[in-house]
Amino acid sequence: MKKVLVANRGEIAVRIIRACHNLELKTVAVYSVADINSLHVQLADEAVCIGPAEPNKSYLNIHEIIAAAEITHSDAIHPGYGFLSENEEFAKKCEDEKITFIGPQSHVIALMGEKSRARETMLKTGVPVVPGGATEFTDLASGAAYAADIGFPVMLKASAGGGGKGMRVIQSATGFAKEFGLAQSEAQHAFNDNHMYLEKYLPHPRHIEVQIIADQQGNVSAVGERDCTIQQHHQKVIEEAPAIALPEETRQKMFAVSVNAAKKIGYVGAGTMEFLLDDPEHFYFMEMNTRIQVEHPVSELTSGLDLVELQLLVAQGESLSFKQEHISTDGFALECRINALTAGKISALHLPTGYGIRIDTGLYQGYTVPPNYDSMIAKIIAFAPSRKKAMALMRTALDETVIAGVNTNLDFLVQLLNEPDYIANKTDINWLDKLTATI
Ligand code: MV4
């Protein structure tokens, strides 16, 4: 592998380009007309404009991206996260065109993309899944029968859904018919697939995820876990590693079932097993993400590993140079996602550095944040020997940060870090939505 096309933009494109350059790989940036002055375009060795600002005509345009890879003679494509990173058709097209897709095989992406099939697969490999109707259904009668079997309240989910889309809590049998009808038509419109499945509703879980890395020689390791419980409208806001709520025994069980499942499905590359932690002893599989995730830095800082570099090495057929027993996670890392609430020109930018602070961003002084894409413009990660210390570093870093010219959520993050329940880790996945509903 000599040249990698990075099929993404913003902070993750910059992050991937740096990892490629560290491995002396040449890089190709792709950009929409809205991103012509972006940092990732300037840092890459080559750049190809792939279309207008609209994502569907640029970063989601499979034909344009494959064409860009061909005209630049790129050997590989790294999809980053979002956009086409979990698009089976795109991965398949790369395979057909003999372009290395930095990620798992397309059939694994497809399998994990269908939430109920993923659940089924995990169940077979011994991963605990939320108690509930294993089989998917499309008719009301079957649904009502499964719901009665499970016992209310139940969580109704769309098989083709994920990330909170096409999901509904149903408290009792009386509401089932109406809710089912609404949820199913939502699923049909959103995913063009009306298959649904049911699970027992867990009212106060935490969101804990296990980072997996696997090579083509069958070596699979867990690279720690992350606690992503602080979410607002299904968007992660703060992510932490390790999950201090997790007893060591539960942690080891989560790692074991995750590594075993990845081995059984022949997983290759970096992946994440998402779990709901119902109580310190009980966790249940939610979804598997077949991409590098936004929050990967907290796992890198606590393990010392460069996960993007590992993705690139594994994609070239290299074996992992370590086994599970060589991975030790130390210290504590927490990440805050900085979102631009408006588009506009960055008139002044001051980003903190210093002990234990890492910033991943595509921002620079004078850059204009376009309105067309996801609002996240930077990630601040603080790394220290303890959660308390990491939070102190983060508060100092947030206070020091200046991003003038756009509105951001910086003040909101400062407020969050001072919330007693957050500091005491007395939160669950509904906590932030409840807190912000009251503000
Ligand atoms: C659940 C659940 C409670 N019980 N499943 C949200 C999106 C997708 N990851 C699955 N999700 C949930 N599934 C059962 N049986 C609660 C959620 C959920 C959630 C999960 C993790 C992080 C944030 C969340 C916010 C709302 C609901």
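The values are calculated or read from the model by the stated rules, or taken from the named source; none is laboratory data. Computed from a predicted structure; not experimentally measured. Using ideal geometry, Cβ is built from the backbone for each residue, glycine included, and neighbour counts are taken over all protein chains shown. SASA here: full protein model, heavy atoms, side chains in, ligands and nucleic acids out. Shrake-Rupley method; radii C 1.70, N 1.55, O 1.52, S 1.80 Å.
Counting the residues of the range 186-202 that are within 14 Å of the ligand (Cβ to nearest atom) and in contact (Cβ under 8 Å) with a residue 60 or more places away in the chain gives 6.
Hey, among N194, N260, which residue is open to solvent by 10 Å² or more (accessible area, probe 1.4 Å) and at pLDDT 95 or above? Sole residue among the options that is open to solvent by 10 Å² or more (accessible area, probe 1.4 Å) and at pLDDT 95 or above: N260.
Checking each residue in the range 86-109 for being part of a helix (DSSP H, G or I), open to solvent by less than 10 Å² (accessible area, probe 1.4 Å) and within 15 Å of L5 (Cα to Cα) picks out F90, A91, C94. Within the range 363-399, the set of residues being more than 30 Å from K57 (Cα to Cα) and either touching a residue at least 60 places away in the same chain (Cβ under 8 Å) or open to solvent by less than 10 Å² (accessible area, probe 1.4 Å) (or both) comprises I380, I381, A382, F383, A384, R387, A390, M391, M394, A397, L398.
Can you pull out every residue in the range 110-121 that is within 19 Å of M167 (Cα to Cα) and either of a type outside the set (K, R) or open to solvent by 10 Å² or more (accessible area, probe 1.4 Å) (or both)? Outline the logic, then answer.
Step one: of the range 110-121, the residues within 19 Å of M167 (Cα to Cα) are 112-120.
If the condition is that a residue be within 19 Å of M167 (Cα to Cα) and either of a type outside the set (K, R) or open to solvent by 10 Å² or more (accessible area, probe 1.4 Å) (or both), then M112, G113, E114, K115, S116, R117, A118, E120 are the ones that fit.
Residues of the range 288-328 that are in a helix (DSSP H, G or I) and more than 14 Å from P242 (Cα to Cα): L307, V308, E309, L310, Q311, L312, L313, V314, A315, Q324, E325, H326.
For the range 125-147, filtering for residues that are open to solvent by 60 Å² or more (accessible area, probe 1.4 Å) and within 24 Å of the chain's Cα centre (by Cα) leaves 0. Cβ-Cβ distances below 8 Å connect the following pairs, each with a first residue in the range 117-133 that is of a type in the set (A, V, I, L, M, F, W, C) and in a loop (DSSP other than H, G, I, E, B), a second residue that is open to solvent by 10 Å² or more (accessible area, probe 1.4 Å) and within 14 Å of the ligand (Cβ to nearest atom), and a separation of six or more residues or different chains: V130/M155; V130/K200; V130/L202; V130/L276; V130/Y284; V130/M286.
Only one of the numbered conditions (1) within 16 Å of the ligand (Cβ to nearest atom); (2) modelled with pLDDT of 95 or more; (3) surrounded by fewer than 16 Cβ atoms within 10 Å (Cβ to Cβ); (4) not hydroxyl-bearing (S, T, Y) is not met by H234, and that is (2). Of the residues making up the range 203-229, those that are more than 14 Å from the chain's Cα centre (by Cα) and within 14 Å of the ligand (Cβ to nearest atom) are P203, H204, P205, R206. Considering only residues in the range 413-429 that are open to solvent by less than 40 Å² (accessible area, probe 1.4 Å) and within 16 Å of the ligand (Cβ to nearest atom), the one that is nearest to the chain's Cα centre (by Cα) turns out to be D428.
One line per residue, one yes/no per condition, for (1) closer than 30 Å to A378 by Cβ; (2) among the basic types (K, R); (3) at pLDDT 95 or above:
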{"residue": "I170", "(1), (2), (3)": "no, no, yes"}
{"residue": "A183", "(1), (2), (3)": "no, no, no"}
{"residue": "V210", "(1), (2), (3)": "yes, no, yes"}
{"residue": "G224", "(1), (2), (3)": "yes, no, yes"}
{"residue": "E240", "(1), (2), (3)": "yes, no, yes"}
{"residue": "L246", "(1), (2), (3)": "yes, no, yes"}
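Among the residues making up the range 338-362, a single one is within 24 Å of I213 (Cα to Cα), in contact (Cβ under 8 Å) with a residue 60 or more places away in the chain and open to solvent by 20 Å² or more (accessible area, probe 1.4 Å): R358. For the range 161-182, the set of residues classified as open to solvent by less than 30 Å² (accessible area, probe 1.4 Å) and within 13 Å of the ligand (Cβ to nearest atom) consists of G161, G162, G164, G166, I170, listed by residue number. The single condition among (1) of a type outside the set (S, T, N, Q); (2) within 13 Å of the ligand (Cβ to nearest atom); (3) in contact (Cβ under 8 Å) with a residue 60 or more places away in the chain; (4) surrounded by fewer than 19 Cβ atoms within 10 Å (Cβ to Cβ) that I150 does not satisfy is (3).
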